[in-house]
Amino acid sequence: MPLPMRTVSEYRVLYAMCYDIVAHEHFVYHAYSSIALACQNMPVWLWISQGLHKEKVRQFFNEFLEKYDSPLVGLVAEEKFALDFANMYSSEFTHKEIIAYSLPNEVPIVTSDEVQLRLALPHDTPLVLQWLGAFYEETLQAQLPSVGDSKVRVNRPPKIYILSDSQYTPLGMGMLTNTEEAGRINLVYILPQYRRNGYGKALVSALAQKARDARQVPVLYTASDNVAANALYTGLGFAEAGRLTEVRFAEVVT
């Protein structure tokens, strides 16, 4: 099945994660325009950019396994290639559709004076890890992988920001990863007791403005069945750039 026709900019948005990985070198191996991501002490995810012949994918993955003794827990690609790849290596996996969004230049960003966004600092680490754990459980139905003695990295990508109200009460957090062309918004999390007050909208708007200030296109991903998130992003003017399939293996592939 041929890939849908897209512009170069649409592909850039669709595969912003790939460019993020390459730009910041937090990957273990990449070839054939495909990228395997393995952060330290984190599970390995494979991003397959655009459509590759399945023999190329097989060759890439076999080389990856030979080079690195790391399990693969998931992958993201165009639907056909994601499922072909998954079927090569596992009989048990789940998959879902994710949507890539970008904010067109002509769409204005309205920020709120009632909240403030600041970079997370090393002393925020316990709070950030607590929120990350809640985000994983709520959004991914999984536990946060062990991060050992990791500290929040200041002024290094990806950057974690904390949203507070006028009384400096922490309301939630978000992550912004800047690459050459895109500012990828991720880990958008508002504490349950502060939801339905417009803080999620304020957080995404503030992160999008930071991306714009860096002359980058704000982009983000979300599951197609996440009704609340999709309503939030489209309500802010984000436009769909394409859809990918995320695969999670029932058991890690080694």
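Summary of values
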{"read-out": "Loop sites in segment 109-145: chymotrypsin sites (Phe, Trp or Tyr not before Pro), DSSP, at most 10 other Cβ within 10 Å", "value": "none"}
{"read-out": "Heavy-atom accessible area order for His95, His123, largest first, 1.4 Å probe", "value": "His123, His95"}
{"read-out": "Relative contact order (%) - segment 181-254, alpha-carbon pairs under 8 angstrom, separation at least six", "value": "34"}
{"read-out": "Ranking by accessible area, most exposed first, for Arg243, Arg196 with a 1.4 Å probe", "value": "Arg196, Arg243"}
{"read-out": "In order through segment 88-96: 3J(HN,Hα) via Karplus (6.51 cos²θ - 1.76 cosθ + 1.60), integer Hz, x for Gly, Pro", "value": "5, 10, 7, 8, 10, 7, 10, 8, 8"}
{"read-out": "Heavy-atom accessible area order for Lys159, Lys210, largest first, 1.4 Å probe", "value": "Lys210, Lys159"}
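The values are calculated or read from the model by the stated rules, or taken from the named source; none is laboratory data. Treat the numbers as computed from the prediction; the structure is a model and nothing was measured. With ideal geometry, Cβ positions are generated from the backbone for all residues, glycine too; neighbour counts draw on all protein chains shown. All accessible areas refer to the heavy atoms of the entire protein, side chains included, with ligands and DNA or RNA removed. Shrake-Rupley method; radii C 1.70, N 1.55, O 1.52, S 1.80 Å.
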